1. Would you check if there is a residue in segment 271-280 being surrounded by 14 or more Cβ atoms within 10 Å (Cβ to Cβ), over 19 Å from Leu163 (Cα atoms) and assigned by TED's automatic domain parsing to the domain that holds Lys191?
2. How about segment 295-353: which of its residues are within 20 Å of the chain's Cα centre (by Cα), farther than 27 Å from His13 by Cα, outside any strand (DSSP E or B) and free of Cβ contacts under 8 Å to residues at least 24 places away in the same chain?
3. Got at least one residue in segment 4-12 being in the same structural domain as Lys137 (by TED's automatic domain parsing) and either among the aromatic types (Phe, Trp, Tyr) or at pLDDT 75 or above (or both)?
4. Can you pull out the residues in segment 218-257 that are of a type in the set (Lys, Arg) and touching a helix residue (DSSP H, G or I) at 6+ places or on another chain (Cβ under 8 Å)?
5. Working only within segment 263-290, note down all residues that are at pLDDT 95 or above, part of a loop (DSSP other than H, G, I, E, B) and within 18 Å of Ile204 (Cα to Cα).
6. Have a look at Gly216, Gly199, Gly192 and point out the one that is more than 19 Å from the chain's Cα centre (by Cα) and small (Gly, Ala, Ser).
7. Which one of these is without any contact (Cβ under 8 Å) to a residue 40 or more places away in the chain and either over 20 Å from Ser271 (Cα atoms) or outside the structural domain of Glu23 (by TED's automatic domain parsing) (or both): Gln206, Gln184?
8. Could you tell me which residue of segment 307-353 is surrounded by the fewest Cβ atoms within 10 Å (Cβ to Cβ), considering only residues that are aromatic (Phe, Trp, Tyr) and under 27 Å from Glu38 (Cα atoms)?
Amino acid sequence: MSAITINTTKPNHFITTADYSAEQLLDLVDRAIKFKVESKYNYPEARTERPLVGKTVGLIFSKRSTRTRVATETAVGYLELVLTFFGLGGNAMFLGGQDIQLGVNESLYDTTHVVSSMVDAIMARVGGHDEIETLAKESAVPIINALSEKYHPTQILADLMTLHEYYHAKQNNVPAGVYSAHTQHPRETLKGLKVAWVGDANNILQEILVAFPKCGISVSAACPTGYVCDQDVIDIAQADAKKTGATVVFTTSPEEAVKDCDVIVTDTWVSMGQEEEKKKRIAEFAGFQVTSDLAKRGNAKSDWIFMHCLPRKPEEVDDEVFYSERSLVFPEAENRKWTILAIIDALLVRGGI
């Protein structure tokens, strides 16, 4: 019997966009768009390769999820369909808090070793960022961060894709939703934009800060007094901005943040686990609701657009903006599928990002 070779090479992970260059991130976005175009307009031709047959992505979610879970489960199956026509796809195995003993009768360390021995990748939505770091350190397979308290990389990759689609269409007079006319790489459409953040200093803002400036996108963030980002995140953002010519500004004034901006972004003010703070937070965020009046008072560009990662509450953005033609929230939600697909493709098929 021949000897069995055990692979001891450390796997590639997707923990935060801070770990990757702008070119790597934008290439992922470009790959995601190609998947989307192929799905919506160019039905895949039959192929012989079957790279995901028998492969499983474990989804460990200690927090509830709608978009991330649906996007991942459909992306895993779709990737195999794209590559093999009528072939059956890879498998996504959902492991929620009621399904496994994570943090109850078994340590995160033990769970990581057990689960990673049985699947080909793990996508995890956790609490503290130390949990995703433990997973990455101990796992025998690639780890994809579906959300931690510090970062939310799959969301911001989808945001980059959504911005590219919008500005590509605008610059090339392409009707909205016509993805078959895609002709530009994201590196050609995003540099020079200004994004205004109006909201909490949370994981979405922190991921924006470590992703957007390196792509040449300026960020102006308004958060209430006392709400500040981690210093290491600020340092990364400012260093990246210096290299690309982008700017990074922090303020407590929503009006100052939206001045001359192309995009206004917000998120929930009360995240999961913060429900007891809701009354206090609502009071502290007075004046932070995104409205047309706020954009006008702050002198946002006349053609500004709006984004929100969902789920949305009315105090964060009014109906007029949320359901307007300025709003990209629903394409943004769909694009979670295509960018997660690109990440899985990179890690499990292409061997790395």
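1. Going through segment 271-280, the residues surrounded by 14 or more Cβ atoms within 10 Å (Cβ to Cβ) turn out to be 271, 274.
From what's left, over 19 Å from Leu163 (Cα atoms): 271, 274.
If we keep only those that are assigned by TED's automatic domain parsing to the domain that holds Lys191 too, we end up with 271, 274.
There is at least one residue in segment 271-280 that is surrounded by 14 or more Cβ atoms within 10 Å (Cβ to Cβ), over 19 Å from Leu163 (Cα atoms) and assigned by TED's automatic domain parsing to the domain that holds Lys191.
2. Phe322, Val329, Phe330
3. Here is the first cut: in segment 4-12, the residues in the same structural domain as Lys137 (by TED's automatic domain parsing) are none.
No, segment 4-12 contains no residue that is in the same structural domain as Lys137 (by TED's automatic domain parsing) and either among the aromatic types (Phe, Trp, Tyr) or at pLDDT 75 or above (or both).
4. Initially, segment 218-257 is screened for residues of a type in the set (Lys, Arg), giving 242-243.
Of everything in segment 218-257, just one residue is of a type in the set (Lys, Arg) and touching a helix residue (DSSP H, G or I) at 6+ places or on another chain (Cβ under 8 Å), namely Lys243.
5. Asp267, Phe285, Phe288, Gln289
6. On the way: Gly216 fails: more than 19 Å from the chain's Cα centre (by Cα); Gly199 fails: more than 19 Å from the chain's Cα centre (by Cα).
Of Gly216, Gly199, Gly192, the one residue that is more than 19 Å from the chain's Cα centre (by Cα) and small (Gly, Ala, Ser) is Gly192.
7. Numbers: Gln206 fails: without any contact (Cβ under 8 Å) to a residue 40 or more places away in the chain.
So the residue among Gln206, Gln184 that is without any contact (Cβ under 8 Å) to a residue 40 or more places away in the chain and either over 20 Å from Ser271 (Cα atoms) or outside the structural domain of Glu23 (by TED's automatic domain parsing) (or both) is Gln184.
8. Initially, segment 307-353 is screened for residues aromatic (Phe, Trp, Tyr), giving 322-323, 330, 338.
Those left that are additionally under 27 Å from Glu38 (Cα atoms): 330, 338.
Values: Phe330: 11, Trp338: 24.
Of everything passing the filter in segment 307-353, Phe330 is surrounded by the fewest Cβ atoms within 10 Å (Cβ to Cβ).
The values are calculated or read from the model by the stated rules, or taken from the named source; none is laboratory data. Remember, it's a predicted structure, so these values are computed and weren't measured experimentally. FYI the Cβ positions are ideal-geometry reconstructions off the backbone, even for glycines, and counts take in every protein chain you see.
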